[in-house]
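Enquirer: Let me begin by handing over the structure; questions about it come next.
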Amino acid sequence: KEIRVAKPKKMFILEIDFGQSLNRPLKAWFSCEEESASDDASLDSARDIDSTAFAPPPAGTIIVDNRDEGFRVIEPLSRIERFKSRKESAPDARPNLNRWHESMEAAAYGDGIKSKHVKYSGTGKSRVEWTATIPDEGAYDLHVFSSYQVPFPFYHLKEVIYHYTVSTPGEPPVEIPLQLYKAGERWVHLGRFHVTPGTCTVSLGDRSETPPEFIAAYLDGLPPEVRARSSNFGRVSEVHADAIRWTRVNIP
């Protein structure tokens, strides 16, 4: 079903509770545009949704999500870190953001379960990797999924630059810096590649940086007493890894 609800003029966030369903996370939040506000309850409606919305990706499209077999975390751990990881795997343990962990978020890519992998930025020693098998030779557009909703000032800036490395059969790896969280874009274009049949790999290291001009602009807007406590602003950010998509381009 597609359910439409008229947004009251004083409502800024819409919350949906999935109740006893198997969806994860159990709640989803959506920001509401003020321009579309209305107090007219007669605008509420429900109708059958077009079943093509649930169709698999079209021919020539390959999607690898962070919950698929083609996704893996490559994270070198010392003996002490391996011991800590066993303690952190307990059901009641808080996630260690210095290591990759799966985070359930309504804005992430997925069907019944929407999630992505997250960690604090590091030195690039650890990374995640998406692997896809391309069956046909041709030109392919590569996109990465952006689950950006609301920026958290100190650890999740839309200006943060991520570093992807793309490896295709018979070609040297290509490193591509990308500002992932672009307003209004869900699938962000990473590049176009001519690919021969074989295995393609996209990796994302935990190294990221925030351009100094954005840090300076943010700090300049803070009161002096707050600015003094914000010396680490921009030095630590979050790195998010969700889904990638290869799409064959039909070039005449």
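Enquirer: Filter the trypsin sites (Lys or Arg not before Pro) in the stretch 101-141 down to the DSSP loop ones having no more than 16 other Cβ atoms within 10 Å, then list what survives.
Expert: Working: sites: Lys114, Lys116, Lys119, Lys125, Arg127; in loops: Lys125.
Qualifying residues, ordered by number: Lys125.
Enquirer: Given labels modelled 7 Å from the Cα in the Cβ direction, how far is it in nm from Ile113 to Asp68?
Expert: 1.6 nm
Enquirer: A further question follows. Counting other C-beta atoms within 10 Å, which of Thr247, Thr168 has the fewest, and how do the rest follow? Could the numbers behind the result be given before it?
Expert: Details: Thr247 18, Thr168 21.
Ascending Cβ contact count within 10 Å gives the list Thr247, Thr168.
Bear in mind these aren't lab numbers, they're just calculated from the coordinates by the rules spelled out. Keep in mind it's a predicted model, so treat the numbers as computed, not measured. All Cβ positions, glycine included, derive from the backbone under ideal geometry; neighbour counts span all protein chains shown.
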